[in-house]
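The values are calculated or read from the model by the stated rules, or taken from the named source; none is laboratory data. These numbers were taken from a predicted model, which means no experiment stands behind them. Note that we place each Cβ from the backbone using ideal geometry, even for glycine, and neighbour counts take in every protein chain shown.
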Amino acid sequence: MSKKAKTRKPVTAKTKGLITLCVMCVLTICLGVLSVNGIDKLPTNPLYRLLPWVPTDANNWPQSISLGLDLRGGVFVEYQAERPEDTDDNMFNYLITSAMDIMRTRLTEKGYPEATVTQLGADGIRVEIPDVHDPNAVLELIGKAANLEFRTPEDETFMTGKHVKRAYPTTNSDSSSLSQEYVVAFELNDEGTKLFAEKTKEYLNQKIGIYLDDEMIMNPTVNTPITEGKGIITGGFTQESANALAIQIQSGALPVHLTQQKVDTISATLGVDALQTSLMAAGIGILLVMLIMIIRYRLSGVVASWALVLYIIILFWFVAMLPGFQLTLPGIAGVILGIGMAVDANVVIFERFGEELALGRYTKAAARMGFKNAFSAILDANVTTLIAAIVLMVFGTGSVRGFANMLALSVVCSMFTAIVISRILLMNLINVIPDQPSLFSAKALKKEAQ
């Protein structure tokens, strides 16, 4: 007599939905704990190998978010660049960019890696240095020229950075081979032209070293005498390496003359008080929004609140992970506006969902139709907001650009949580509680009462 083979019971939709919701709940809790305590609190850190840019310091994760000057306190300086004669727009933009790169390099080397240097309009530069309260020290640091030297093979300095008018990357085309390579072109002033002509004649086919703060950055061979104060440095450069070398040569002095327009110190106390007040107001507002959503949309409101929590966690993860993002007071306004966009998307979805339930559709079919009918409205609203944010990012400066950065990131995160996360949560919750439309929408309850 053979034993009957045991048949495995199929997993029901209710079981799948329950498992998915449990996994999402655990994931939300884990992400929330990590967002507060930091990744280093784990016994091991497997995420660091996959995502090495994720902050893993021993401090709490919120402290790894870069705070702007208005929240952290410090000094800001605004400059206006003087446009050299016979300089077109492209070259002037390059000189402005080179000056900004030199400033960033100097600030980083002097222990201010979180300082930001941004362009103001066509000819302005704004420098922000957090945690610094002595403007004179900053002005001396930015204005101080690096020690650039040109040395003979006998290690004799014959020319310094004051003799260099400008240096810039360009391409050197070879008409015979139709190939081109990146080179570094430089121009000297009158005194430098005379000195360089003498030394390149004297040391023809020999190497002349270029040193920055006693460190050799280049040791090119003199192929021909350079008598006109203009020359090129070859060496198989890429575009990036040619630009880096040009900046190093130019850093003997700033490539444009800068006039200080404004300098001011911002108190850290003001920033801390503003941050605490803003976060408290945001927290109260979010809790009230969640409460209203739950009262208005029942279980659908619970889904919206859950997705909103995930939105906030994901958003601040990106703020901490992505380079160049700083949290400022205008940035917090962008975050709160993004929360409004996320809630607005859920309102559109659940209103459409309720309308389909009122027409007598089954709960799952009504949910699918609700997301389908709401998608175009959500996409249009978010895309137009994203376009506005991009325009502000391109043309705005200072606090306006900080607001635009956070608004753009908030819109992307809110679309993901509203369209993807909310759908996953709602569909699985319907699988767990099927054929109970009145639990998901007040409109369905009115339909049943009729």
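Scanning the stretch 185-212 for residues that are in a loop (DSSP other than H, G, I, E, B) and either among the aliphatic types (A, V, I, L, M) or in contact with a strand residue (DSSP E or B) (Cβ under 8 Å, 6 or more places away or on another chain) (or both) gives Asn189, Leu204, Asn205, Gln206, Ile208.
Cβ contacts < 7 Å: first residue hydroxyl-bearing (Ser, Thr, Tyr), restricted to the stretch 318-329; second residue at pLDDT 75 or above, any location; separation 6+ or different chain. Result? Listed by first residue and then by second, the contacts come to Thr328/Gly402.
Could you list all residues from the stretch 207-225 that are over 19 Å from Leu148 (Cα atoms) and surrounded by 13 or more Cβ atoms within 10 Å (Cβ to Cβ)? Hit for the stretch 207-225 is Pro225, nothing else.
Among the residues here, Ile433 does not qualify as crowded, with 17+ Cβ neighbours inside 10 Å, out of contact with any strand residue (DSSP E or B) (no Cβ under 9 Å at 6 or more places or on another chain) and not assigned by TED's automatic domain parsing to the domain that holds Arg126. Selection over the stretch 376-403 of residues that are within 19 Å of Tyr311 (Cβ to Cβ) and either within 18 Å of the chain's Cα centre (by Cα) or surrounded by 17 or more Cβ atoms within 10 Å (Cβ to Cβ) (or both) gives a count of 6. For the stretch 331-345, does any single residue satisfy the condition of being within 22 Å of Leu439 (Cβ to Cβ), of a type in the set (Val, Ile, Thr) and surrounded by fewer than 21 Cβ atoms within 10 Å (Cβ to Cβ)? Scanning the stretch 331-345, I find no residue that is within 22 Å of Leu439 (Cβ to Cβ), of a type in the set (Val, Ile, Thr) and surrounded by fewer than 21 Cβ atoms within 10 Å (Cβ to Cβ), so the answer is no. Of all residues in the stretch 120-176, those being within 28 Å of Thr259 (Cα to Cα) and at pLDDT below 75 number 20. Has the stretch 440-448 got any residue that is closer than 30 Å to Thr116 by Cα, basic (Lys, Arg) and assigned by TED's automatic domain parsing to the domain that holds Ala304? Scanning the stretch 440-448, I find no residue that is closer than 30 Å to Thr116 by Cα, basic (Lys, Arg) and assigned by TED's automatic domain parsing to the domain that holds Ala304, so the answer is no.
Scanning the stretch 352-396 for residues that are of a type in the set (Val, Ile, Thr) and touching a residue at least 60 places away in the same chain (Cβ under 8 Å) gives a single hit, Thr363.
When residues in the stretch 409-432 are screened for being more than 17 Å from Phe353 (Cβ to Cβ) and either in contact (Cβ under 8 Å) with a residue 40 or more places away in the chain or charged (D, E, K, R) (or both), 7 of them pass.
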